[in-house]
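Beneath this line is the structure, given in structure tokens, with notes to follow.
The values are calculated or read from the model by the stated rules, or taken from the named source; none is laboratory data. What you are looking at is a predicted structure, and each value in this text was computed from that prediction instead of being measured. Note: ideal-geometry Cβ built from the backbone for every residue, glycine included; neighbour counts use all protein chains shown.
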Amino acid sequence: MRREVKAKCRGCGRIFLKKDLNRKGYCSECAMKRMLNVWKSLHDKKGYWYEKWMTGMIRWAKRMEQEKHKKKRRRSAESRSRRKKG
Ligand SMILES: [Zn+2]
């Protein structure tokens, strides 16, 4: 007679057959919950990073716009000085 090895789930603490637990020692229910949690945190992070990225992009776009104006001014100043030299 073969005895089935039982083990406690690391998530909910219920006793399961060891073969029913995954490699990390969680039952399928807890594994699913953990996966959902990870996914949710990833999703939240994505939203966080997306917002950071968006504000960064807007800031960058504004800076680029300012740089354009600066460059125009700078370029004209350069050409003026070049004319003086030449
Ligand atoms: Zn569990």
Notebook entry, point to check: Do the conditions hold for Gly25, that is, is it at positive phi, within 13 Å of the ligand (Cβ to nearest atom) and either surrounded by 10 or more Cβ atoms within 10 Å (Cβ to Cβ) or in a helix (DSSP H, G or I) (or both)?
Noted result: yes
Note to self: Being surrounded by 14 or more Cβ atoms within 10 Å (Cβ to Cβ) and part of a loop (DSSP other than H, G, I, E, B) is the filter here; which residues of the stretch 1-21 pass it?
What the structure shows: Cys9, Arg10, Gly11, Leu21
Note to self: Of everything in the stretch 28-46, what is over 23 Å from Ile15 (Cα atoms) and either within 16 Å of the ligand (Cβ to nearest atom) or of a type in the set (Asp, Glu) (or both)? Give them in sequence order.
What the structure shows: Val38, Asp44
Margin query: Among (1) in contact with a strand residue (DSSP E or B) (Cβ under 6 Å, 6 or more places away or on another chain); (2) modelled with pLDDT under 85, there is one condition Cys9 misses while meeting the rest; what is its number?
Written below: (2)
